[in-house]
1. Please figure out what share of the DSSP beta bridges in the chain is antiparallel and state it in percent, rounded to the nearest 5.
2. Taking H as built 1.01 Å from N, whose amide H comes closer than 5 Å to the amide H of Val165, not counting residues under 5 places away?
3. Under a Cβ-Cβ cut-off of 15 Å, what is the net charge of the residues other than Asn447 that fall near it, where Lys and Arg count +1 and Asp and Glu count -1?
4. Using the Cα centre of segment 168-222 as the reference point, and only Cβ charges (+1 on K/R, -1 on D/E), how large is the resulting charge dipole? Debye, rounded to the nearest 20.
5. Along segment 281-294, what does the Karplus equation 6.51 cos²θ - 1.76 cosθ + 1.60 (θ = phi - 60°) give for ³J(HN,Hα), rounded to whole Hz, x for Gly and Pro?
6. What shape does segment 436-493 take by its C-alpha gyration tensor, where a ≥ b ≥ c are the square roots of the eigenvalues and a/c under 1.5 counts as rounded, a/b above b/c as prolate, and the rest as oblate?
7. What are the ³J(HN,Hα) values, in whole Hz, obtained from phi via the Karplus relation 6.51 cos²θ - 1.76 cosθ + 1.60 with θ = phi - 60°, for each residue of segment 339-356 in sequence order, with x given for Gly and Pro?
8. DSSP loop (so not H, G, I, E, B), at most 16 other Cβ within 10 Å: list which GluC sites (Glu not before Pro) in segment 441-511 pass both filters.
Amino acid sequence: MIDRKQFLRALAAGTAAGIVARASPAIAAAQAVAAPGRGPRRTPKGGELLLTDAIVVTMDAERRAFRSGFVWLRDGRVHRVGAMRELGAVPYGVARRALDGQLVMPGLVNCHTHLSNGMLRGVYDEMPLETWFSKGMWPVLDGLDRRNGEAAAELALLELMSMGVTTTATGEIGSRHPEMLDGVLGAVERSGIRAQVSRIAMDSADPTNAAQFIPEGYRDTPAFAADEVRRLKRRYDSDRVTVTPEALGVLRCTPEMVQAMHAVAVEHGCLFTMHAASSQDERDASRKRFGHGSITELERLGVLGPRTLLAHAIWLDDAEIALLAARGTGLSHNPVSNAYYASGVARLPELLKAGVRVGLGVDGASTNNGQNVWETMKMAMLFQKQQREDPGFGSAELALELMTVGGARALHLEEEVGSLEAGKRADLIVIDTGRVSLAPAQTLVSNLVYSNDPWAVRDVYVDGERIVAGGVHRALDRPTVVRGATGALDRVLNKAGLEGYIEGRSRWSWR
Ligand SMILES: [Zn+2]
C-alpha cells in the first residue's frame with residue numbers, strides 16, 4: 001500500500017503511475033496489456049455458424065462462386081466454404097441458417113473516408129474550391145469538437161455498415177480539437193467495424209498557395225502530432241481497430257512532418273497515410289516547388305513503401321505509376337469525390353495494368369455526399385468508359401473485386417480480409433436477391449453494381465458477429481443517430497457563422 005500523501009506528491013511530480021504500478025500488480029498488468037508492443041486488445045468473436053443454401057461469391061484467387069453454397073464460420077474466422085453438395089456431415093449442435101438463395105459475399109472494404117464529416121453532406125454543393133477553404137473547411141473545423149465529431153461519425157458509420165462495409169479507412173483532423181479523435185474512435189468501437197483510423201497532421205506555413213496554406217492555429221508540430229498518434233494507439237488499438245499516422249499532403253506539410261508521421265508508422269508497424277496528387281493544382285504547385293510531382297517527392301523523402309496508403313492519386317505520370325507499383329504502395333481511388341470537385345479522372349486502367357494495389361473509397365460526406373460504396377463501384381467504371389469513349393472498359397465483376405480484394409490489398413490486409421477463404425476473418429454480407437432492382441436473376445452480378453441498390457444488404461458480419469441483422473444495426477439506433485447528426489450540423493454551422501447559408505443559396509421560395 002502507498003499512503004495518500006505520497007501518492008499526491010508523486011502525482012504532482014508526474015510519477016504517480018509508476019508508484020501505482022509498483023504498488024499494485026493488477027494495475028501494472030492492466031497497463032502492460034495496453035502498452036504498445038504487447039499485442040492488440042482482442043474484441044469479441046462470433047461463435048460457430050453454418051450459412052447454407054446461398055449464392056456464394058468467394059473472391060478467392062480462382063474467383064470461385066457457388067450457385068448453391070455454404071459458408072461455415074467458427075471463432076470469428078471462415079472455417080470452410082464450398083458448394084452444398086460438398087458440405088458432408090455437420091456435427092450435432094452447429095447452428096445453421098438457411099439463406100434460401102440470398103447472396104453471401106465478402107464484406108466491402110472502403111479505403112477512404114472522413115467519418116467526422118458525416119453530417120456535412122449537402123453543405124458544400126457547387127461551392128468553388130477557394131470558397132470551400134475560406135468559408136468551409138477552416139471555420140467548420142472549429143466546431144468539430146468531440147461531441148460533434150462523434151455524432152458525425154455515428155451517421156457515417158451507420159450508412160457505411162448498412163451498405164455492407166466491414167472494413168474502412170478514415171482520416172480525421174486533430175489539430176484544432178485533439179479530443180475529436182476520441183469521439184470518432186468511440187463511435188468506431190461501438191459500431192463494431194474493422195477500421196484504420198488516421199490522425200491527420202498538417203503544418204505548412206507557405207502562404208504562396210492559398211489552397212495549400214494552413215492558417216496558424218490549425219497547424220500541428222511534428223512532436224505533438226506523433227505523441228497524439230501514440231496516445232490514441234495506446235487507448236484504442238485492438239485486433240479490429242488500428243490508429244495510424246497521416247501527413248495530410250506533401251504541400252500542406254513540411255518535410256519534417258511527413259517524415260515524423262512516417263517514422264511513427266515504422267515504429268508501430270502500421271499504415272502511414274497521405275492525400276496525394278489530388279488535383280491539377282497540386283500537381284502544378286508540386287512541380288513548381290520541387291521540380292517534380294508529389295509522388296516523386298514522397299519517394300525522395302523515403303516514405304513510399306508497402307506500409308503507405310495514398311488517397312486520390314489522380315494526376316500521375318507513367319514513371320510515378322511504375323514507382324507506386326514497385327514500392328507496393330496502396331492507393332484509394334475515389335471516383336465520386338474526384339468528380340464532386342471536378343478534380344479529374346484517375347488513370348485506373350494504367351494503375352491496374354502496372355499492378356498497383358488499388359482499392360476504392362467514398363471519401364468524406366462533405367465531398368461525395370453520401371457513403372454509398374455501391375455508387376462508387378458503379379462510377380469507377382462509368383467515368384472511365386465516358387472519358388475514354390470506350391464502353392468496353394471494366395465490368396461489374398472488376399468493380400466488386402476492387403471493393404473487396406482490391407481494397408484489402410490497398411490496406412495491406414489481404415491475408416485477413418477481402419475474400420471468403422478458410423482461415424480469413426469472417427467478415428461477410430448477405431444480400432437480398434429478391435429486390436426489384438436486382439431482378440432478373442440471370443444478370444444478378446451486373447445488377448449489383450450497375451442497377452445499384454445499397455439497401456439490398458440485409459446482414460453484416462464482422463469477425464463472425466452479426467452486427468447488422470435484417471438491415472438494423474445492433475448498436476447504432478437510426479432515429480437517435482439521425483437526430484444527433486442534425487443537431488451537430490446546427491452547432492457546427494452556427495459556430496462557423498454559416499447559419500443562414502443553406503437556405504440563403506436556394507432559388508426557391510421557402511415559406
Ligand atoms: Zn480525403
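Read-outs throughout are calculated quantities, based only on the coordinates presented, and are distinct from any laboratory measurement. Worth saying up front: this structure is predicted, and the values here are computed from it rather than measured. Here the Cβ positions follow ideal geometry from the backbone for every residue, glycine too, while neighbour counts run over all protein chains shown.
1. Working: 26 of 63 bridges.
Roughly 40 percent of the beta bridges in the chain run antiparallel, per DSSP.
2. When sequence neighbours closer than 5 places are left aside, the close amide H contacts are Leu108.
3. Details: positive: Lys378, Arg435; negative: Glu375, Glu397, Asp432, Asp453.
With Lys, Arg at +1 and Asp, Glu at -1, the neighbours total -2.
4. 220
5. Per residue, the Karplus-derived 3J(HN,Hα) values read 4, 5, 4, 5, 5, 5, 4, 5, 7, 9, x, 7, x, 5 Hz.
6. Values: a/c = 3.43, a/b = 1.72, b/c = 1.99.
Judged from the Cα gyration tensor, segment 436-493 comes out oblate (a/c at least 1.5, b/c at or above a/b).
7. Per-residue couplings from phi come out as 6, 4, 9, 6, 7, x, 9, 5, 8, 4, x, 5, 5, 5, 4, 6, x, 5 Hz.
8. Values: sites: Glu465, Glu499, Glu503; in loops: Glu499.
For GluC sites (Glu not before Pro) across segment 441-511 that sit outside H, G, I, E and B with at most 16 neighbouring Cβ atoms in 10 Å, the list reads Glu499.
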